[in-house]
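The values are calculated or read from the model by the stated rules, or taken from the named source; none is laboratory data. Computed from a predicted model, the values in this text were never measured in an experiment. Counting neighbours? That spans all protein chains shown, and the Cβs are built from the backbone with ideal geometry, glycine included.
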Amino acid sequence: MTSPYSSNQEIASILIIYTGGTIGMVEDPKTGSLAPFNFQHLVDHVPELKEVKHLYTSIQFDPPLDSSQIGPQDWTKMVKTIADNYDKYDGFVILHGTDTMAYTASALSFMLENLSKPVVITGSQLPIGRFRTDGKENLITSIEIAAAKKNNIATVPEVCICFQEYLLRGNRCKKVNADYFEAFESFNYPPLAHIGVEIEIDEEYVYKPATIKPLTPHYNMEPNVIVLKLLPGITPETLKGMLSIPNLKGVVMETFGVGNAPSFPWFIDILKEASDRGIVIVNVTQCMIGSVAMAIYDTGSAMIDAGIISGYDITTESAVTKMMYLFGEGYSPDKVREYMKCSLIGEMTIHDTKEN
Ligand code: ASP
């Protein structure tokens, strides 16, 4: 089915991009095992879509990917698909495995600069072909949100995750549950919408571009970024080893509480030496809720002196993809540090500028 851009206030045109994951799976009647279905026959599997008043077209990744396989080159493919079809559709729904959905949502939020249309990412915990699936509800609600307009302007013009009861900002999300339907949380930013009998969009929290500019897609992501999770008893050898990885560009260092770390001189020396070599190190907390505040403790102050950047309340997923994006743009380490201290697209809340 082709769907021309709809200038109708009521009826929107939506592009559904199936990348893989559980949502698109059906049981093979012969073997009983799960296999991805052909999205050309989407309505056969989700007959409820006949009730949706909006126009939609679906395309799928070939082959569909389990989200644990998704990486920078797949984000580029998603960005390209959106950029190539940007003028033809009012909104985009990406169907994606839940496991790395928060990384994809964060990456796309940085890669799709000047986005003024909704990109709603969803998936499901149970395949769409299963009787108790959560996939149909998630898909239909995502289409409704991607289609929502007011005075012909998109109501939610940002990259978001729609899952069960909530619509969440994409670059604020975490997958928090492997078993239950409520799989995502945004601990440090309120939901953009509550999904119940009505879809209640909280416009106060939705990102609104000041002016509508042409989409500027970015395609390059630097893969040499790692996550370094501190643990009690971490040794100088481990720290040195990780910071000596060839071609390493950026480190998201998950610290304790409000950004706390051991105060041993060797610890600070190793970080400073890496930082002086041009490796950008960003401090994020291992806690789910709250923000880094390095200036509170002596070790924190020593880390600031060693060139470590506060990630405030950013998620690890967002910090990793933000650094991949900034280095992918070719910025110098100092420029990356400067941008890591700012919120580019609502990914963090800066509470205290003494931090950096
Ligand atoms: N392993 C699957 C994936 O992330 C799980 C899911 O779709 O929820 O692709």
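Residue-by-condition table, conditions (1) surrounded by 19 or more Cβ atoms within 10 Å (Cβ to Cβ); (2) in a loop (DSSP other than H, G, I, E, B); (3) of a type in the set (Phe, Trp, Tyr); (4) touching a Phe, Trp or Tyr at 6+ places or on another chain (Cβ under 6 Å):
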position	(1), (2), (3), (4)
Thr133	yes, yes, no, no
Lys136	no, no, no, no
Ile145	yes, no, no, no
Cys160	yes, no, no, no
Leu167	yes, no, no, no
Asn171	yes, no, no, no
- Note on the structure: Taking segment 293-329 and keeping only residues that are under 24 Å from the mean Cα position of the chain (by Cα) and more than 30 Å from Thr98 (Cα to Cα), one is left with Ala293, Ile308
- Considering each of Thr122, Thr104, Thr98, Thr76 in turn, give the residue that is under 24 Å from Glu347 (Cα atoms), touching a Lys or Arg at 6+ places or on another chain (Cβ under 9 Å) and surrounded by 18 or more Cβ atoms within 10 Å (Cβ to Cβ). Thr98
- Screening Ile70, Ile17 for residues that are over 21 Å from Tyr89 (Cβ atoms), within 16 Å of the ligand (Cβ to nearest atom) and touching a helix residue (DSSP H, G or I) at 6+ places or on another chain (Cβ under 8 Å) leaves only Ile70
- Message: Going residue by residue through segment 150-165, is there one that turns out to be under 20 Å from Lys50 (Cα atoms), away from the ligand (no atom under 16 Å from the Cβ) and not hydrophobic (A, V, I, L, M, F, W, C)?
- Response: no
- Item | Count of segment 262-283 residues which are crowded, with 16+ Cβ neighbours inside 10 Å and not polar (S, T, N, Q) | 11
- What number goes with the only condition from (1) surrounded by 12 or more Cβ atoms within 10 Å (Cβ to Cβ); (2) modelled with pLDDT of 95 or more; (3) over 16 Å from the mean Cα position of the chain (by Cα); (4) closer than 26 Å to Phe163 by Cα that Phe181 does not pass? (2)
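Using the structure shown, decide if Gly346 is in contact with a helix residue (DSSP H, G or I) (Cβ under 8 Å, 6 or more places away or on another chain), small (Gly, Ala, Ser) and on the phi > 0 side of the Ramachandran plot.
It is true that Gly346 is in contact with a helix residue (DSSP H, G or I) (Cβ under 8 Å, 6 or more places away or on another chain), small (Gly, Ala, Ser) and on the phi > 0 side of the Ramachandran plot.
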- Task: Please specify each residue of segment 21-61 satisfying the condition of being within 16 Å of the ligand (Cβ to nearest atom) and under 23 Å from the mean Cα position of the chain (by Cα).
- Result: Gly21, Thr22, Ile23, Gly24, Met25, Gln60, Phe61
- Per-region count, segment 84-127, residues within 15 Å of the ligand (Cβ to nearest atom), hydroxyl-bearing (Ser, Thr, Tyr) and within 21 Å of Leu49 (Cα to Cα): 2
- Message: When you scan segment 284-307, do you find a residue that is within 19 Å of Met221 (Cβ to Cβ), surrounded by fewer than 20 Cβ atoms within 10 Å (Cβ to Cβ) and touching a Ser or Thr at 6+ places or on another chain (Cβ under 9 Å), even just one?
- Response: no
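Would you mind listing the strands (runs of 3 or more DSSP E) fully within segment 1-101 where at least 2 residues are in contact (Cβ under 8 Å) with a residue 24 or more places away in the chain and closer than 19 Å to Gly170 by Cα?
13-18, 91-95
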- By residue number, the members of segment 25-69 that are hydroxyl-bearing (Ser, Thr, Tyr) and more than 20 Å from Ala146 (Cα to Cα) are Thr31, Ser33, Ser67, Ser68
